[in-house]
Every structure is written in C-alpha cells, then in structure tokens.
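Participant: Before I ask anything, here is the structure I am working with.
The values are calculated or read from the model by the stated rules, or taken from the named source; none is laboratory data. Here the structure is a predicted model, which is why all the values come from computation and not from measurement. Cβ placement follows ideal geometry from the backbone for every residue including glycine, while neighbour counts extend to all protein chains displayed.
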Amino acid sequence: MKFNFHIPTKIVMDDGCVAKNADLLAPMGKRALIVTGTHSAKANGSLDDLLNVLSSNGQSYVLFDKVMANPTVDCVYEGAEMAKREKADFTVAVGGGSPMDAAKAIAMLACEDIPKDKIFAGGYSKRLPLCCIPTTAGTGSETTQYAILTNHAAQTKTSLASPALFPDLALLDSKYLRSLSKDTMTNTVIDSFSHSVEGFISNRANAVSDTLALEAIKVIAGIIPAIAEWRLTDDDRAELLYASTLGGMVIAHTGTTAVHSMGYSLTYFKNIDHGRANGLLLTEFLKFTEKKRPDRVAPILKAAGYVSSDEFGKALDSLLGKREEITAQEIARYSSIAIKAKNIANCTVAPSEEDIDKLYRLSFGI
Ligand code: NAP
Ligand code: FE
C-alpha cells in the first residue's frame, strides 16, 4: 500500500462551536476581515456568534459582506483591497463555499502582489491566517486547498489551488444549517455527494480518501429520502455537515473529475447552481466509468445501499426533479470547454470530447 495524506486544517465540530472556541481564534490576529455573503450569515446567527467571540477576545473587525454565488475575480480583489486598507491581519469566512473560496483568495491577495490577469497562474505561497465557518453542507471548502472563481476570460470556473490555501481552522456548527431553503440544502448536499463519488472514481484516490469517501456516501445516501421529503432533523443536518467536510478532505487529495468540468459550463452559461449542475451529470458519468471499471463503482453502490447504478440515478432524481432544457449547439460548446479542464486528467476512465458530448446528451435526454 502507498498513500500520502495531508490536511493541515484544525477541524472542530460541536454545538456552539464558535462560542466555545474563542481560544482558537485569539492567536490568529488583532483585526479580522470577515468575509461573507450578503444576507444569510446575518440571519442564521453565525455572524453574531463570531462577533461576540471577537469582542470577548478584544479583536476588532471589518466586514466584507459582498460575496455573491460563484465569486468573481473582481470581488476578491475588492476584498483584498479592503483587507490592506483596513490593516486586517487575519480572515474569517462565514457562509457557503462562495464566501469561503473568496476568503481564501482574499487572504492570499492581501499578502501577494498578483496582477488580475495572472490570478489563475498559480505560485501562491502566502496568505493571512484563515478560519472558515461553513453554513452549507456542500463544498467542503473548509478542508480543501482550492478556491474556485468565475473565470470570464475562459468562460468557465477555475480553481486556484495551493497547499497555502488550506484554512488554518474550520469551526463546524450544524445549527447554522437550519435556515437553509430546501433548494440550497438539496443542491449543496448533491455537491458533497458528488465530491465523494468523484473522489472514489478519481485516479488519484488512495486508501484513506476511499475510506472517507465511502463513509460520506453512506451517510448522505441514508439521508437523501429525508431531504426529498423535507423532514430533516438536527441530527441529519449534523451528519450532512460531517459528510461534506469529509468530502472536502477527499477532493483535497483526489481532485474532482469530468462531472465538475462539465458542470462548470452549466453554471457559467445557464446559471444552474453548482451542486445541481454536478447532480444532473453524475449518474451518467458513473455509468460511463462502470463500463470499464466496475470494481471502482461497486463499492460506491454498496456503501450507498443501492443494488445498481440505475437505483443510484433514481435516488438522485428524487432530489433533482425536472431537468433544464439544453440544445445540441450548447452541448457542443460546453464539451469543447470541459475537455480542456484540468480535472479531466483525474478520471479513472478518461472521456474524450465526443464522450463528453454524449454524456451531456444522455444526462439531458436529447
Ligand atoms: P454559496 O454560493 O456559498 O451559497 C448559496 C446561497 O446559500 C447563497 O444565497 C447564500 O446566501 C445561501 N446560504 C448560505 N448558507 C446559508 C444558510 N445557512 N441559510 C440560508 N441560506 C444560506 O453555496 P455553496 O454551494 O456552499 O458554494 C458554492 C461555491 O463553492 C461554488 O462557487 C463552487 O464552485 C464552490 N466550491 C468550492 C469547493 C472548494 O473545494 N473550494 C468545492 C466545491 C465547490 P448569502 O449569499 O446571503 O450568504
Ligand atoms: Fe463542488
């Protein structure tokens, strides 16, 4: 056996986690740049909990609450300007993957002089200290070294990836998930399910990432019916947050696959939510992989408790509902973009551009 596993983030999960861990935030700095979305953190109590802890620690803060879904390059440069102007010496992200990813980029840009047109070129090594407080159960960004930004030049979403982007601290309290709408909960859980499934069929998977992926798949599959019927308990929400953090650790090692590459065009051009975009494509990509590598798909089905990939598809369909319309021209355009994505190289069974075209068609029934 051979593996390499590295997660430098301290992860604490607990009820009242933020209030209980003032001592972990205290050494991070004197003045925080809080990076968040426009509304949800103010409404679900996460921002208040953070402000109380900062105040009890004698730490001041400045609020950057402008992060939109699928954050843009302009947004993170604006946040970095604020961090520099306000002399923030650490960063706390509160929210879903969008604020967490934006905070990673902002924390890095506050320390590195990188021209806007070179942002995706790599070579990042420094950043301000960073704590992430996730409020969705989806991206696992709190345990990854990726920050995904909208890349208008390439008409897609592109990942900034560097070991320097792993947060220092992740504080997980599932009570913040109570305010999620059915749609956002559904879409974010599909994203985390996709991370663990894609991680298992990645050619970079290892024994540890496999163990984490199968655990996350088992947990999520067991709760899918409760999401579909919208009868989640607090325990379910805690399990889903746990599973999404595991999914983050998985993709930190395996990367994502063609599903994410293909999903980015659905988000960029058709404004389909990130998690939903993956869910629309996941079953067909699993079946595509199963044809050549049934040995890598069988453990996924077994962990989820499904007898076949058709049953896997039915469970996902119970969350997805009616699929969007797509044209053959759109598919041809998206396929030509997806084949150029870095994550295609992670696929255990690598698709050609023609395969990708076919996978889109099968996924949308055209
Ligand atoms: P999101 O874009 O962060 O948030 C989606 C919506 O949910 C926003 O309207 C947000 O409102 C709201 N929201 C967040 N928490 C809430 C809560 N507790 N209650 C009510 N509403 C809440 O969604 P996401 O799916 O978590 O993140 C998606 C982004 O993460 C994408 O850009 C994707 O590419 C990226 N991603 C990153 C990684 C990684 O490893 N870094 C992995 C996968 C995906 P507010 O705006 O008001 O907060
Ligand atoms: Fe994702």
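Participant: Which condition number in (1) in contact with a Leu (Cβ under 6 Å, 6 or more places away or on another chain); (2) away from ligand 1 (no atom under 12 Å from the Cβ); (3) not hydrophobic (A, V, I, L, M, F, W, C) is the one that T186 fails?
Facilitator: (2) is the only condition that T186 fails.
Participant: Might you let me know whether segment 205-226 holds any residue that is of a type in the set (V, I, T), outside any helix (DSSP H, G or I) and without any contact (Cβ under 8 Å) to a residue 24 or more places away in the chain?
Facilitator: Step one: list which residues in segment 205-226 are of a type in the set (V, I, T), which gives 208, 211, 217, 219-220, 223-224.
When the remaining residues are screened for being outside any helix (DSSP H, G or I), the result is none.
Checked segment 205-226: no residue is of a type in the set (V, I, T), outside any helix (DSSP H, G or I) and without any contact (Cβ under 8 Å) to a residue 24 or more places away in the chain.
Participant: Right, something else. Residue under question is M249, and the condition is that it be within 16 Å of ligand 1 (Cβ to nearest atom) and without any contact (Cβ under 8 Å) to a residue 60 or more places away in the chain; does it hold? I'd like the intermediate steps shown before the answer.
Facilitator: Details: within 16 Å of ligand 1 (Cβ to nearest atom): yes; without any contact (Cβ under 8 Å) to a residue 60 or more places away in the chain: no.
No; evaluated as a whole, the condition is false for this residue.
Participant: Also: Return the only residue of D101, D117, D113, D74 being under 20 Å from the mean Cα position of the chain (by Cα) and either closer than 26 Å to V12 by Cα or surrounded by fewer than 16 Cβ atoms within 10 Å (Cβ to Cβ) (or both). So that I can check it myself, show each step before the final result.
Facilitator: Values: D117 fails: under 20 Å from the mean Cα position of the chain (by Cα); D113 fails: under 20 Å from the mean Cα position of the chain (by Cα); D74 fails: under 20 Å from the mean Cα position of the chain (by Cα).
The unique qualifying residue is D101.
Participant: A follow-up question, please. So which residues in segment 17-56 are within 16 Å of ligand 1 (Cβ to nearest atom) and not hydrophobic (A, V, I, L, M, F, W, C), if there are any at all?
Facilitator: Selection gives T36, G37, T38, H39, S40, K42, N44, G45, S46, D48, D49.
Participant: Mind checking which residues of segment 282-300 are within 22 Å of the chain's Cα centre (by Cα) and charged (D, E, K, R)?
Facilitator: Result: E284, single match.
Participant: Which residue pairs have Cβ atoms closer than 8 Å, lie 6 or more positions apart in sequence or on different chains, and pair a first residue in segment 184-204 that is in the same structural domain as T245 (by TED's automatic domain parsing) and assigned to a loop (DSSP other than H, G, I, E, B) with a second residue that is of a type in the set (S, T, Y) and at pLDDT 95 or above?
Facilitator: Sorted first by the residue in segment 184-204, then by its partner, the pairs are I201/T257; I201/T289; I201/T348; N203/T348; R204/T254.
Participant: All but one of (1) in a helix (DSSP H, G or I); (2) more than 14 Å from G96 (Cα to Cα) hold for A41; which doesn't?
Facilitator: Only one criterion in (1) in a helix (DSSP H, G or I); (2) more than 14 Å from G96 (Cα to Cα) is unmet by A41, namely (2).
Participant: Still on this structure: Among the numbered criteria (1) away from ligand 1 (no atom under 16 Å from the Cβ); (2) surrounded by fewer than 19 Cβ atoms within 10 Å (Cβ to Cβ), which single criterion is violated by D234?
Facilitator: Every condition holds for D234 apart from (1).
Participant: If you don't mind, another one. Is one or more of the residues making up segment 96-118 under 25 Å from D273 (Cα atoms), in a loop (DSSP other than H, G, I, E, B) and modelled with pLDDT of 95 or more? Spell out how you get there, then give the answer.
Facilitator: To start, the set of residues in segment 96-118 that are under 25 Å from D273 (Cα atoms) comprises 96-106.
Remaining after also requiring in a loop (DSSP other than H, G, I, E, B): 96.
Those left that are additionally modelled with pLDDT of 95 or more: 96.
Within segment 96-118, one or more residues are under 25 Å from D273 (Cα atoms), in a loop (DSSP other than H, G, I, E, B) and modelled with pLDDT of 95 or more.
Participant: Residue by residue through segment 268-288, note down the ones that are farther than 15 Å from I356 by Cα and more than 10 Å from ligand 2 (Cβ to nearest atom). Step through it out loud before you land on a result.
Facilitator: Taking segment 268-288 and keeping what is farther than 15 Å from I356 by Cα, we get 268-276, 279.
Of everything in segment 268-288, those that are farther than 15 Å from I356 by Cα and more than 10 Å from ligand 2 (Cβ to nearest atom) turn out to be Y268, F269, K270, N271, I272, D273, R276, G279.
Participant: I need the full set of residues from segment 136-171 which are in a loop (DSSP other than H, G, I, E, B), farther than 24 Å from K84 by Cα and more than 16 Å from ligand 2 (Cβ to nearest atom), in order please.
Facilitator: Filtering segment 136-171 down to residues in a loop (DSSP other than H, G, I, E, B) leaves 136-140, 144-145, 155, 162, 166-168.
From what's left, farther than 24 Å from K84 by Cα: 136-140, 144, 155.
Once the filter is applied, which keeps residues that are in a loop (DSSP other than H, G, I, E, B), farther than 24 Å from K84 by Cα and more than 16 Å from ligand 2 (Cβ to nearest atom), segment 136-171 yields only Q155.
Participant: Another question, if that's okay. Scan (1) modelled with pLDDT of 95 or more; (2) within 16 Å of ligand 2 (Cβ to nearest atom) for the single condition A80 breaks and write down its number.
Facilitator: (2)
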